[in-house]
Amino acid sequence: MHRVWCNSAAAVGRSVRWYKSAVSPKTIQPSPELQREELQIAKAIGDERRQNEGIDSMPKDPTTLFLMEGRQMLAPLDDGGEVTLNMDTGLEGVFAIEIQNPEDSNCFTGRMMCRLEDAIREINKHPECVAVIVRGQGVHFCSGAAAQLATKHLLSAEQGLKMCRYMQTLLLELHNLPCISVAAIEGAAVGGGAELALACDFRIMSDEANIHFAHTHMGLSTGWGGGTRLTKLVGRRAAILLLCSGKPCGPKDATAFGLADRVADEGSCYRDALGFVKANFMQAPVPAVKGCKDIIAAAEILTPRTALLYEQNVFAGLWAMNARQKSLEKDGAPPPGAKMIKDA
């Protein structure tokens, strides 16, 4: 007789926390050259704030600074809408972020931008989360920043820059989550909504959906990281066509460009996204899936040599975790938090 053990969510959480604390840095650090550049930017902003506002201390980390400044400016701008995090999708370890402002095509108000930060922070507190699906409420995915932000609230270049830095930082945090992210695109993903979709690892479109970089029609460029990600994803010539023409891209062209990973039937995009996650990312242990995602995220921003060292650390941590679990099973004891589901 042999025993088959099933890890509970708590056990998976302990395993992931052990892996993170033992062998993996809390955050993936960029190359020294990029760190120096970011710190110079943060120092310049901090010096200006201290001079203009008499502030004695400012965060030295640019990510903390951009999030702090953006939230202070945007949180009071409550023009409706909500962003929610659903942790009960029917699949264990799969969460869903929903953009909720259907009356305005799910555009982001200031309040909603801050709620997106809250959702991302909450996901990071749940090591058992293997995937997150980003979706819009109603018939559209997201239409970017609300018009009233530009016409009523954020009227200066400085305010626009703070909003840009805030959202760019949030979408980078979404992009670098250790879990898999999937955008379920029903209807239109316009402007910043297209940039939100590109910050996800995968994009599933309904047959009536479109990804529309409409920025040039508004006299703007991308600002939340979408232009950079688009160029890396589809190449220079296709990125120029999509960005500078400002034409919407339907599911057929999006698939050809590599923007969309699959096309779902109308009305089943979210269900299809859940099925995609279940078929591809629910078969392996959560720490292994998240470890591989960490390696890929590191490879995007670290020098090749540093990325290889990071990969070694991730591998060593997972190896040690597996060795410990096999040792426990050999002794007849279950892994911590496991339960027996079958005797054979």
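Some values worked out for this structure:
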{"read-out": "Violating pairs (Cα-Cα greater than 31 angstrom) within the set Lys252/Lys278; Lys232/Lys252; Lys152/Lys293; Lys162/Lys278; Lys125/Lys326", "value": "Lys152/Lys293; Lys162/Lys278"}
{"read-out": "Amide H within-cut-off set for Ala264, under 5 Å, with H built and near neighbours excluded", "value": "Met205, Ser206, Asp207"}
{"read-out": "Rounded to whole Hz, the Karplus (6.51, -1.76, 1.60) HN-Hα couplings of region 287-293, x for glycine and proline", "value": "x, 5, 4, 5, x, 5, 4"}
{"read-out": "For region 102-245, size of Cβ-based charge dipole, Lys and Arg +1, Asp and Glu -1, in debye", "value": "460"}
{"read-out": "Dimensionless Rg over Rh [region 140-259; C-alpha; Kirkwood]", "value": "0.95"}
{"read-out": "Whole-Hz ³J(HN,Hα) from phi, Karplus 6.51 cos²θ - 1.76 cosθ + 1.60, for region 302-319, glycine and proline x", "value": "9, 5, x, 5, 5, 5, 5, 5, 4, 4, 4, 5, 4, 4, 4, x, 5, 4"}
{"read-out": "10 °C / 1.306 mPa s Stokes-Einstein diffusion coefficient of region 118-185, Kirkwood radius on C-alpha pairs, µm²/s", "value": "114"}
{"read-out": "Global form of region 206-260, assessed from the alpha-carbon gyration tensor, a/c cut-off 1.5", "value": "oblate"}
{"read-out": "Fraction of accessible area attributable to carbon and sulfur, region 180-257 (%, probe 1.4 Å)", "value": "58"}
{"read-out": "Sites Glu92 and Leu155, calculated FRET efficiency, Cβ-Cβ separation with R0 35 Å, nearest 0.05", "value": "0.15"}
{"read-out": "Along each principal axis, Cα extent of region 173-328, largest first, Å", "value": "60, 37, 22"}
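The values are calculated or read from the model by the stated rules, or taken from the named source; none is laboratory data. As the structure is a computational prediction, the values presented were derived from the model and not from experiment. As a convention, Cβ positions derive from the backbone with ideal geometry for all residues, glycine included, and neighbour counts pool all protein chains shown. What goes into the accessible areas is simple: the full protein's heavy atoms, side chains included, and nothing from ligands, DNA or RNA. Shrake-Rupley method; radii C 1.70, N 1.55, O 1.52, S 1.80 Å.
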